[in-house]
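Asks: This is the structure I want to talk about, given as structure tokens.
The values are calculated or read from the model by the stated rules, or taken from the named source; none is laboratory data. Everything quoted here is computed from the prediction, not taken from an experiment. Cβ sites come from the backbone with ideal geometry, for glycine too, and all protein chains shown count toward neighbours. Accessible surface areas use protein heavy atoms only, side chains included; no ligands, DNA or RNA. Shrake-Rupley method; radii C 1.70, N 1.55, O 1.52, S 1.80 Å.
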Amino acid sequence: MPEHLRALVVILVLAGIVYALARRPACEWAIDPHDFVRRRNLWFGVTLIAFFAHDFWIFLLITAVLLAFVRSKEANIIALFVWLVFAVPPFGSTLSGFGLVNQLLKLDYLRVLSLVLLLPTYFRLRRSSEWTLPDLLVAGYVIIQLALQLTVDSLTNTSRYAIYAVLDVVLPYYVASRSLRDLRAFRELAMCFAVAGMVLAAIALVETARGWLLYSALDRVLDVRWGYGHYQSRNALLRAQASTGHPIALGYLMVVAISLYAYVATTVSDRTRRWLGHGLLFAGLIAALSRGPWVGALVAVIGYRVSGPRLIGSSFKVALWVGGIVGVVLLSPWGAQVLDYLPFVGTIDEFNVTYRRQLMDLSMGMIAQEPWFGVSQFYYRLADQDMVAGGMVDIVNTYIGIALSSGVIALGCFMGTFGIIMLRMVRTMRFFDAPGDERRALGCGLMAALLGTVVTIATTSSITVIPVVYWVLLGMGSAYVRFLQEELYGAGEEIIEMEAPRRQRFAYGRGARAI
């Protein structure tokens, strides 16, 4: 049997087990049973099409038709989008111009999802609410990059990049920020992130245990060239990547899934399945063997605990748990080996830490010389400074990459989007500090995911599925703030009277100033 078919059998079995175990907890609180079954079958359908199509364009065409057929049955399109994003690797190829031009567009799996699922939803939602400051920052980030592209490229090619920006950035953020309007929608999206993460975690565990990347042959089967999906190891252990194409991308997805699952797991009645979910996601994080996501996960867990209503007690519990786990591991027979894998103190692959430090120092020097709109020929200048690793200059820091390519103004828009959304979340969450308030728990999970994102993308460039995940998260954060502000408007008269001066700052809509 060919390798890709053997891999398909393993993938289907693992996914089937996870879906079977996750169905009851997911459906009892977050996802309608009919939606769960339909999405599960869609996931299997897209996977089967990818492994049997034997041609990339046939795969995209059949997938697009299938998604268009079921789109009208979905009430929460962004949840379906997240459910399917990780079904197969985000392969891409260039669509020819059929003799009229050299090429039309470069399409990949993620862009087809945006075209078929998110674009029609955008036209339905485009007049649903007014623009906010995060919306303007996202627009500024995109416009600056396109303006800089136009200065060095033709209008035709810049137009292509504009389409890519809409599909990759604008649609995921906009649809998430406008379509989530009640707790059920947030709950459903968070559960979709968690279930998708569990499926990939199960696949990742098998990849590391067997030393076999289950999606590694799929690009050859579909006849596409992809710069990711290569075998990578750390101290003789294979670094899992599942369908994400890179271990850091897998680790980042585990950080997000762990954060949001911490919120949805509080309502799972079956204690065994609840802890099995936690264990599976953390095991997937470990299987990626990526230190950046490990640090991001630690920050996310701490952020989740301290953003709750009981700051001191939660901080003390976090310290006890982390200290206890670290102590047990270090005192075990495997303590020395585990220590070598850890960031900052480990000795395995020390070159990666040294490379990142040198990249930071050299890049900051160049940015200081040309700060506003990017550094000219920065790749060649870094290559001249012996920063070539693996045959390329690897900009393993999203913030540095944006500053080098687009300047500090674009970087300010990008970082400002994270900062403003998280600040608004903190300022609105404090009004919902009652123990057991689901709105506060949702905010804690989302804040943890955003904090983990901010840390993790400082250790990697925005590759494969990473950007689409954080744009959805940012849209989710923007929608969460709007949702809480609407909740404040609907509060009782006693609360309105007590909090009216403070609540006025949080109002959206006519006659009120949005923060």
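Asks: Looking at the range 103-123 only, could you name the residues that are assigned to a helix (DSSP H, G or I) and open to solvent by 40 Å² or more (accessible area, probe 1.4 Å)?
Replies: Listed by number, the residues that qualify are 115, 119, 120, 122, 123.
Asks: Quick test of your reading of the structure: residue 357 fulfils all but one of (1) of a type outside the set (Val, Ile, Thr); (2) in contact (Cβ under 8 Å) with a residue 40 or more places away in the chain; (3) in a helix (DSSP H, G or I). Name the failing condition by number.
Replies: The failed condition is (2).
Asks: Test each condition in (1) open to solvent by less than 70 Å² (accessible area, probe 1.4 Å); (2) within 22 Å of residue 182 (Cα to Cα); (3) aliphatic (A, V, I, L, M) for residue 423 and report the one that comes out false.
Replies: (1)
Asks: Within the range 175-198, restricting attention to residues that are under 30 Å from residue 148 (Cβ atoms) and either crowded, with 24+ Cβ neighbours inside 10 Å or among the polar types (S, T, N, Q) (or both), which residue is nearest to the chain's Cα centre (by Cα)?
Replies: Only one residue fits best here, namely 176.
Asks: Would you mind stating whether residue 138 is among the β-branched types (Val, Ile, Thr), more than 24 Å from residue 213 (Cβ to Cβ) and at pLDDT below 95?
Replies: no
Asks: Have a look at 493, 486, 497 and point out the one that is acidic (Asp, Glu), open to solvent by 50 Å² or more (accessible area, probe 1.4 Å) and either closer than 17 Å to residue 132 by Cβ or modelled with pLDDT of 95 or more (or both).
Replies: Going through 493, 486, 497 in turn, just one is acidic (Asp, Glu), open to solvent by 50 Å² or more (accessible area, probe 1.4 Å) and either closer than 17 Å to residue 132 by Cβ or modelled with pLDDT of 95 or more (or both): 486.
Asks: When the range 215-248 is examined, which residues are found to be open to solvent by less than 30 Å² (accessible area, probe 1.4 Å), assigned to a loop (DSSP other than H, G, I, E, B) and among the basic types (Lys, Arg)?
Replies: Once the filter is applied, which keeps residues that are open to solvent by less than 30 Å² (accessible area, probe 1.4 Å), assigned to a loop (DSSP other than H, G, I, E, B) and among the basic types (Lys, Arg), the range 215-248 yields only 239.
Asks: Sticking with this structure for a sec: Just for the range 152-165: of the residues that are without any contact (Cβ under 8 Å) to a residue 40 or more places away in the chain and part of a helix (DSSP H, G or I), which one is farthest from residue 34 (Cα to Cα)?
Replies: The qualifying residue farthest from residue 34 (Cα to Cα) is 152.
Asks: Scanning the range 433-460 for residues that are over 14 Å from residue 262 (Cα atoms) and touching a Pro at 6+ places or on another chain (Cβ under 7 Å), which turns out least open to solvent (accessible area, probe 1.4 Å)?
Replies: Top of the filtered list is 456.
Asks: Kindly indicate which of 351, 344, 316, 378 is buried (at least 17 other Cβ atoms within 10 Å of the Cβ) and either at pLDDT below 80 or not acidic (Asp, Glu) (or both).
Replies: On the way: 351 fails: buried (at least 17 other Cβ atoms within 10 Å of the Cβ); 344 fails: buried (at least 17 other Cβ atoms within 10 Å of the Cβ); 316 fails: buried (at least 17 other Cβ atoms within 10 Å of the Cβ).
Result: 378 is the single residue among 351, 344, 316, 378 that is buried (at least 17 other Cβ atoms within 10 Å of the Cβ) and either at pLDDT below 80 or not acidic (Asp, Glu) (or both).
Asks: State all residues of the range 251-296 that are of a type in the set (Val, Ile, Thr) and in a helix (DSSP H, G or I); if no residue qualifies, say none.
Replies: 255, 256, 258, 264, 266, 267, 272, 286, 295
Asks: Given the residues 478, 462, which is the only one that is in a helix (DSSP H, G or I) and either out of contact with any strand residue (DSSP E or B) (no Cβ under 7 Å at 6 or more places or on another chain) or over 18 Å from residue 418 (Cβ atoms) (or both)? Outline the logic, then answer.
Replies: Working: 462 fails: in a helix (DSSP H, G or I).
It is 478.
Asks: Would you check if there is a residue in the range 173-185 being assigned to a helix (DSSP H, G or I), under 13 Å from residue 79 (Cα atoms) and out of contact with any helix residue (DSSP H, G or I) (no Cβ under 8 Å at 6 or more places or on another chain)?
Replies: Within the range 173-185, one or more residues are assigned to a helix (DSSP H, G or I), under 13 Å from residue 79 (Cα atoms) and out of contact with any helix residue (DSSP H, G or I) (no Cβ under 8 Å at 6 or more places or on another chain).
Asks: Among the residues of the range 373-386, which ones are within 28 Å of the chain's Cα centre (by Cα) and either over 29 Å from residue 231 (Cβ atoms) or of a type in the set (A, V, I, L, M, F, W, C) (or both)?
Replies: 373, 374, 375, 378
Asks: Residue check: is residue 127 outside any helix (DSSP H, G or I), open to solvent by 30 Å² or more (accessible area, probe 1.4 Å), in contact (Cβ under 8 Å) with a residue 40 or more places away in the chain and of a type in the set (Lys, Arg)?
Replies: no
Asks: While we're here: Answer yes or no: is there a residue in the range 407-418 that is under 30 Å from residue 267 (Cα atoms) and either surrounded by fewer than 23 Cβ atoms within 10 Å (Cβ to Cβ) or touching a strand residue (DSSP E or B) at 6+ places or on another chain (Cβ under 6 Å) (or both).
Replies: Within the range 407-418, one or more residues are under 30 Å from residue 267 (Cα atoms) and either surrounded by fewer than 23 Cβ atoms within 10 Å (Cβ to Cβ) or touching a strand residue (DSSP E or B) at 6+ places or on another chain (Cβ under 6 Å) (or both).
Asks: If the Cβ limit is 7 Å and pairs must be 6+ apart or interchain, which residue in the range 73-87 that is within 16 Å of residue 32 (Cα to Cα) pairs with which residue that is basic (Lys, Arg)?
Replies: Correct list of pairs: 73/38; 80/39; 83/39.
Asks: Report, by residue number, each residue of the range 18-31 that is out of contact with any helix residue (DSSP H, G or I) (no Cβ under 7 Å at 6 or more places or on another chain) and either surrounded by fewer than 14 Cβ atoms within 10 Å (Cβ to Cβ) or without any contact (Cβ under 8 Å) to a residue 12 or more places away in the chain (or both).
Replies: 20, 28
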